[in-house]
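Participant: Got a structure here, written out as structure tokens. Questions coming.
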Amino acid sequence: QVQLVESGGGLVQAGGSLRLSCAASGSIFGINVMAWYRQAPGNQRELVAASPSDGSTNYAESVKGRFTLSRDNAKNTVYLQMNSLKPEDTAVYYCKFSNSRSNYWGQGTRVTVSS
């Protein structure tokens with residue numbers, strides 16, 4: 001049974017920083033993509049950043065220059081460093097791992113940015 005466990009969410013003032021972590025427990029092989037999504041109240045879930053196995057990373061325009069995704073393949077862990085946070089970054093953040101067989105989602109961690 002594969003589970004993704006996220007941590008690092010919380011309440012922060014605008015301009016502050018948070019670092020999210022997502023680690024996979026259980027056996028998961030051949031991860032192709034590690035990604036972060038977010039869902040704000042009343043909105044659809046949206047892609048924040050995604051890292052394919054080639055080492056590249058794609059970011060949503062709204063977070064470019066402020067968020068950085070990094071991954072530790074040996075530990076099956078992905079991180080999201082979030083700097084210069086804005087109130088509009090408030091959302092539940094989810095990690096997702098994908099391999100050739102399936103997509104795996106974390107339970108979500110809430111990030112609240114106060115103005």
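The values are calculated or read from the model by the stated rules, or taken from the named source; none is laboratory data. Being a predicted model, the structure only gives us computed values, none of them experimental. Heads up, the Cβs are rebuilt from the backbone with ideal geometry, glycines too, and the neighbour counts pull from every protein chain shown. Side chains are part of the model used for accessible areas, which takes the heavy atoms of the whole protein and leaves out ligands, DNA and RNA. Shrake-Rupley method; radii C 1.70, N 1.55, O 1.52, S 1.80 Å.
Participant: Starting at the first residue of segment 35-43, write each ³J(HN,Hα) from the Karplus equation 6.51 cos²θ - 1.76 cosθ + 1.60 with θ = phi - 60°, in whole Hz, x for Gly and Pro.
Facilitator: Each residue's phi maps through the Karplus curve to give 8, 10, 10, 8, 9, 8, x, x, 10 Hz.
Participant: How high is the relative contact order of the chain? Use alpha-carbon pairs under 8 Å, at least six apart in sequence, and give a whole percent.
Facilitator: Dividing the mean separation by the residue count of the chain yields 37 percent.
Participant: Quick check for you: with a 1.4 Å probe and neighbouring chains kept, what is the accessible area per residue of the chain, in Å²? Display every interim value, and only then the final one.
Facilitator: Values: 6170 Å² over 115 residues.
Heavy-atom SASA per residue in the chain reads 54 Å².
Participant: Which percent of the accessible heavy-atom area of the chain goes to carbon and sulfur, probe 1.4 angstrom?
Facilitator: Taking all protein chains in place, the chain shows 44 percent carbon and sulfur surface.
Participant: Which one of Y104, Q39, A49 has its Cα pushed farthest toward the positive end of the charge dipole of segment 23-107, where Lys and Arg give +1 and Asp and Glu give -1 at the Cβ?
Facilitator: The one lying farthest along the dipole's positive direction is Y104.
Participant: Now for a different question. Pull up all non-local amide H partners of G108: gap of 5 or more, or a different chain, and H-to-H distance under 5 Å with H placed in the peptide plane.
Facilitator: Counting only residues 5 or more places away or on other chains, the set is E6, C95.
Participant: Taking just the alpha carbons, could you work out the radius of gyration and Dmax for the chain, both in angstroms?
Facilitator: For the chain, the Cα radius of gyration and maximum Cα-Cα distance read 13.5, 42 Å.
Participant: Also: What relative contact order, as a whole-number percentage, does segment 1-68 give when Cα pairs under 8 Å and 6 or more residues apart are counted? Please report the intermediate quantities before stating the final value.
Facilitator: Numbers: 78 pairs, mean separation 14.4, N = 68.
RCO, segment 1-68: 21 percent.
Participant: Given Cβ point charges of +1 (Lys, Arg) and -1 (Asp, Glu) and nothing else, what value in debye, to the nearest 20, does the dipole of the chain about its Cα centre take? Before the final figure, lay out the partial values.
Facilitator: Numbers: 11 positive and 7 negative charges, 20 e Å.
That gives the chain a dipole magnitude of about 100 debye.
Participant: PRE reach from Q13 (point 7 Å along Cα→Cβ): which of segment 82-100 fall under 19 Å by backbone N?
Facilitator: Under cut-off, by backbone N: 82-90.
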